[in-house]
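The structure appears right after this line, and notes come after that.
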Amino acid sequence: MTTTSRPSQQRQARRLRTPKNAIDEKVGYAAKILNITDLLKRYPRQLSGGQRQRVAMGRAIVRDPQVFLFDEPLSNLDAQLRVQMRTEIKLLHQRLKTTIVYVTHDQVEAMTMAERIVVMRDGIVEQIGSPLELYDRPRNVFVAGFIGSPSMNFIPGTVRDGRFVANSTTHLPLPAGAHGDAATYGIRPEHLKLDDAGFPAEVVVIEPMGSSTQIIAKVADTLITAISSERLAPQPGSTVRLMPHVPAVHVFDRSGLRISE
């Protein structure tokens, strides 16, 4: 008898006294969902990384579980295949309507795939919420830095006379609710724009991305990133002015908790 990825499921089903027609129906159903019907006669060594991931999901589907657990399933795949498999898993969830617990250190996977995210650090839950809740209202510096790509910019300083003071020459506008305990100014790269009325920043590196340009700049001895939709190429060492979208500014106290509204 030839051993392939399919007979292993059949042997287990026989031990459970599952009728052969039921075995074939379950295997066929899982294969159709995952688009791997043409792989059923292959040996594992004949499968690519992405195909093996789909076969592994198929082995779980035939058991008809109430909950799926994925523990960093895409960590060993290349970048292009990870994007493809993210779509596969999301489609699987939409088709099966079954709870999926997905463990990952990749915030892009968390943001694009989750309905609810539990952010943990050292075994402690830092925040629970939808992807956009965590993006818009992170509870602390850790969550703010984890969610978003590129990650949020953090600038140290103090609050004085209603403005955030990073150094003697750099004063940043504040949202409502910030007060004198503030120690860190947080702004996402996508919420900074080039504007002559903004604060000065020294250009360090320019990264053309095609549809946008990433500007790595220094503000009060802190490197920050800004994303511009314009195809500008300021020279390293030159000064640009950046204006934050004030409603999107986050202010954190000395313990790292967000204190802005």
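Any read-out appearing in this document is the output of simple, stated calculations on the displayed coordinates, not a laboratory observation. Just so it is clear, the model here is predicted, and its values are computed rather than measured. All Cβ positions, glycine included, derive from the backbone under ideal geometry; neighbour counts span all protein chains shown.
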The chain: relative contact order as a whole-number percent, Cα under 8 Å and 6+ apart | 13
Quick one: grab the alpha carbon gyration tensor of region 113-261, order the square roots of its eigenvalues as a ≥ b ≥ c, and give me rounded if a/c is under 1.5, else prolate or oblate depending on whether a/b is larger than b/c.
-> oblate
Which FRET efficiency value, to the nearest 0.05, is calculated for ILE128 and ALA22 with the Förster distance at 45 angstrom and r the Cβ-Cβ distance?
-> 0.70
Run down the aspartates and glutamates and flag those whose C-alpha is under 13 Å from the C-alpha of LYS97, throwing out any fewer than 8 positions away in its chain.
-> ASP64, GLU115
So which aspartates and glutamates can LYS193 reach, going by Cα to Cα under 19 Å and dropping same-chain residues fewer than 8 places off?
-> ASP136, GLU202, GLU207, GLU230
Under 1.5 on a/c is rounded, so check that first for the chain, then, if it is not, pick prolate when a/b is larger than b/c and oblate when it is not; a ≥ b ≥ c are the square roots of the alpha carbon gyration tensor eigenvalues.
-> prolate
Of the listed peptides 164-174, 142-152, what is their order by residue-averaged count of other C-beta atoms within 10 Å, with the highest listed first?
-> 142-152, 164-174
Of all DSSP beta bridges with both partners in the chain, the antiparallel percent, nearest 5, is 90
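For the chain, with only Lys/Arg (+1) and Asp/Glu (-1) charged at the beta-carbon, what is the dipole magnitude about the Cα centre, in debye rounded to 20? Write out the running numbers ahead of the final one.
Details: 33 positive and 26 negative charges, 409 e Å.
Magnitude of the dipole: close to 1960 debye.
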In deg cm²/dmol, rounded to the nearest 500, the helical mean residue ellipticity at 222 nm of the chain, built from -39500 (n - 2.57) for every DSSP H run of length 4 or more, is -9000 deg cm²/dmol
Hz values of 3J(HN,Hα) by residue in region 35-46 - Karplus curve (6.51, -1.76, 1.60), Gly and Pro given as x = 6, 10, 4, 6, 9, 5, 9, 8, 7, x, 5, 8
Proximal lysines to LYS90, defined as alpha-carbon separation beneath 30 angstrom and excluding residues fewer than eight positions away on the same chain = LYS26, LYS32, LYS41
